[in-house]
Amino acid sequence: MNSEVMWRNPCLWLFALVIMLLSPLRAQEASEEKTTAPVRVEGRRLFDVTGSGESTAAQRAARINRRLQQLVERPSAVPPFTPRDVLTQNGEQVIMIGGARVMTVTQGDVEDAVTQPRELALLRGGQISRAVADARTTRANPLAGTGILIRNSFRDLIASFVTWLPRMAGALLLLLIFWGLARFGRWLTRIVTGRVHLDPNLRDLLRALTFYGIWTVGLFAILSTLGIESGSIATAVGISGFVLGFAFKDILSHFLAGLMLLLGGKFRVGDQIIVRDYEGTVERIELRALHLRTYDNRLVVIPNADVFTSAVTSNTASPYRRRDFTVGIGYDDDISRAQQIALDTVRAAPGVLKEPLADVLVEELAASTVNLRVRFFMNSTRADYLKVGSECMRRVKEAFDREGISMPTEIQTIVIKNLDNRLERMEKVLAARAEDTSSEDASSGAGGDAHNGAPRDGSDA
């Protein structure tokens, strides 16, 4: 499995992408609705108008909508729109439908449409006339109205597609460009980091940050091409960042802790460490958690924030590690000779380093032994620490046996106070028990003799 996959969280990226896409659109629509308002016929949106004079866009659109509703509900026929229905009054174009004044094309409408006033009046007059005719037909004949609604829906869909087609083409082109740039950036980062001595997880992180950083810039460019204003994008990014930061504060804390662990470089994959109550080999360092493989082959996943805030002991931070053990000899043995035997034995054991030097020190004068502490250095890995230590202890014990160095067990002295008084009391108790036993035996013998001497029947009498 590619180790770079662990830096990817599709669900989180998809959630953030949806928020970033929807938030600018809603923000932009809300901004536009303040300056424009829709003109509708029976709920169907035709176009937007701006404010005029002292009237806001919403007030002006409401007046136009009421006039159009009156045309739809008019009992008499409404003649179709013609170019003659566009009148010029006080330098403005007035749209007339069925002899009724519907709306006036203002300078603001012309500026938004980027066209001539009369052309805009003819365009909107045709839209209004067709919409009113369709609404009247729908009311008169619901079956025919259903067909009209379906036709209008397809027409609006096609019109929207044609309007968005250039933007979609531009967005697709940018998508391909930034896709290539992101892959190139990731490849370039892999080449650069491969020439520098970095932790494998840190190299994967840099590649992922380069890849998604380029995609983030590309996403902003694509959204701008689709017509979303940069201000709305910035607002959406700020809001999304605040919401995501509040909702995923624990995940973000683990993420930042993971960055600090990777950048700090205090330990890396393959090191043997102790974190709280767990000891093992670092198997992986993710942005969320650290994977620790214990020596009994269990996997422990520890959140990065817990690792970052806890004391961590690295057993392999140094290439070598000291090991020691204590052995006791008798008081009658030659201490200097025992020290030299233990030292020569340890130095000859496989796995014990020549440098730093091993040594044997007198640690304690115990009750029954003189305790010697044997100290030596070995490779810092766990396997060497256990195997070399066991081999040294075995060799020292065998060497002492060969050389006649005693290793006595601990001697315990038991002191019993007032022993004479206790013995006297015990003798008195035993004598009293003996006298009681003799008396009982004598009584039993006398009773038996008297019984035997008595006549057994009346004939003797």
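Could you list, in sequence order, the residues of region 108-130 that are in a helix (DSSP H, G or I) and farther than 12 Å from Thr82 by Cα?
Passing the criteria: Gly108, Asp109, Val110, Glu111, Asp112, Ala113, Pro117, Arg118, Glu119, Leu120.
Evaluate region 347-365: report whether one residue or more is without any contact (Cβ under 8 Å) to a residue 40 or more places away in the chain, buried (at least 17 other Cβ atoms within 10 Å of the Cβ), on the phi < 0 side of the Ramachandran plot and more than 51 Å from the chain's Cα centre (by Cα).
The answer is no, given that none of the residues of region 347-365 is without any contact (Cβ under 8 Å) to a residue 40 or more places away in the chain, buried (at least 17 other Cβ atoms within 10 Å of the Cβ), on the phi < 0 side of the Ramachandran plot and more than 51 Å from the chain's Cα centre (by Cα).
Just the residues that are surrounded by fewer than 20 Cβ atoms within 10 Å (Cβ to Cβ) and part of a helix (DSSP H, G or I), please, taken from region 367-395.
Arg382, Ala383, Asp384, Tyr385, Leu386, Lys387, Gly389, Ser390, Glu391, Met393, Arg394, Arg395
Hey, could you check region 58-101 for residues that are among the hydroxyl-bearing types (Ser, Thr, Tyr) and farther than 13 Å from Ser129 by Cα and say which is surrounded by the most Cβ atoms within 10 Å (Cβ to Cβ)?
Looking at the filtered set, the residue picked out is Thr88.
A quick yes/no check of all residues on (1) under 59 Å from the mean Cα position of the chain (by Cα); (2) at pLDDT 85 or above:
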site: Gly51; (1), (2): yes, no
site: Arg60; (1), (2): yes, yes
site: Asn65; (1), (2): yes, yes
site: Leu71; (1), (2): no, yes
site: Thr82; (1), (2): no, yes
site: Ala100; (1), (2): no, yes
site: Met103; (1), (2): yes, yes
site: Gly126; (1), (2): yes, yes
site: Arg136; (1), (2): no, no
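Out of the residues in region 115-132 that are crowded, with 16+ Cβ neighbours inside 10 Å and charged (D, E, K, R), state the one that is nearest to Met103 (Cα to Cα).
That would be Arg124.
So, of the residues in region 194-211 that are free of Cβ contacts under 8 Å to residues at least 24 places away in the same chain, under 25 Å from the mean Cα position of the chain (by Cα) and assigned to a helix (DSSP H, G or I), which turns out to be nearest to Trp179 (Cα to Cα)?
Keep residues of region 194-211 that are free of Cβ contacts under 8 Å to residues at least 24 places away in the same chain, which gives 194-198, 203, 206, 209.
So of that shortlist, the ones also under 25 Å from the mean Cα position of the chain (by Cα) come out as 198, 203, 206, 209.
Next, from what is left, pick out any that are assigned to a helix (DSSP H, G or I): 203, 206, 209.
Values: Arg203: 21, Leu206: 17, Leu209: 14 Å.
Per the criteria, the residue is Leu209.
Considering each residue of region 93-107, count those that are not hydroxyl-bearing (Ser, Thr, Tyr) and not in a strand (DSSP E or B), and give that number.
The total comes to 3.
Can you tell which of Thr281, Thr309, Thr326 is in the same structural domain as Asp359 (by TED's automatic domain parsing) and out of contact with any Gly (no Cβ under 6 Å at 6 or more places or on another chain)? Before the answer, list the steps.
On the way: Thr281 fails: in the same structural domain as Asp359 (by TED's automatic domain parsing); Thr309 fails: in the same structural domain as Asp359 (by TED's automatic domain parsing).
The unique qualifying residue is Thr326.
I'm told Val282 meets every condition in (1) surrounded by fewer than 14 Cβ atoms within 10 Å (Cβ to Cβ); (2) of a type outside the set (Asp, Glu); (3) in a strand (DSSP E or B) except one. Can you identify the failing condition by its number?
Condition not satisfied by Val282: (1).
The values are calculated or read from the model by the stated rules, or taken from the named source; none is laboratory data. No experiment lies behind these values; they were computed from the predicted model shown. Backbone-built Cβ (ideal geometry, glycine too); neighbour counts: all protein chains shown.
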